[in-house]
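The values are calculated or read from the model by the stated rules, or taken from the named source; none is laboratory data. Just so we're clear, the structure is a prediction, and the values are computed from it rather than from any experiment. Cβ: placed from backbone, ideal geometry, glycine included. Neighbour counts: every protein chain shown. The accessibility values were calculated without ligands, DNA or RNA, using every heavy atom of the protein model including side chains. Shrake-Rupley method; radii C 1.70, N 1.55, O 1.52, S 1.80 Å.
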Amino acid sequence: MKRPKDLPEFDKPPLDELVLGVQFTPPFTYNDTYAQRVWDLFKADFPVYAEQPRLLPSFETFGGSGAEGLSLQINLQGQVNRNRYWFSSKDETHLIQFQDDRL
């Protein structure tokens, strides 16, 4: 990926990391071969591939439960535990993460 020339350079950037993520219900017919199709879309700019442990679903809730800041999560799965995939740029400054319910 080439950096546009009109962007400023910083010795100490004001921003270290920027993330845009989307979580959705996994498609019923999903299988891990779809990860290859996703990588094919981005492989020219993100040629480095790695498998990572999957991220568990995360939901933001609003309204007081009386226990703000307290969290307990128990995960019982009766399905295949799929992986999360990292597609990185050659210099590893850009990353796309993909799993069956996130991008």
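Overview of results
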{"quantity": "Selection status of Glu9, open to solvent by 100 Å² or more (accessible area, probe 1.4 Å) and either on the phi < 0 side of the Ramachandran plot or at pLDDT below 85 (or both)", "calculated": "yes"}
{"quantity": "Matching residues in the stretch 1-41 - criterion: being over 23 Å from Ser58 (Cα atoms), in contact (Cβ under 8 Å) with a residue 12 or more places away in the chain and of a type in the set (Phe, Trp, Tyr)", "calculated": "Trp39"}
{"quantity": "Filtered residues of the stretch 20-42 (kept if β-branched (Val, Ile, Thr) and in contact with a strand residue (DSSP E or B) (Cβ under 8 Å, 6 or more places away or on another chain))", "calculated": "Val22, Val38"}
{"quantity": "Tally, over the stretch 32-48, of residues that are open to solvent by 60 Å² or more (accessible area, probe 1.4 Å) and under 15 Å from Arg84 (Cα atoms)", "calculated": "4"}
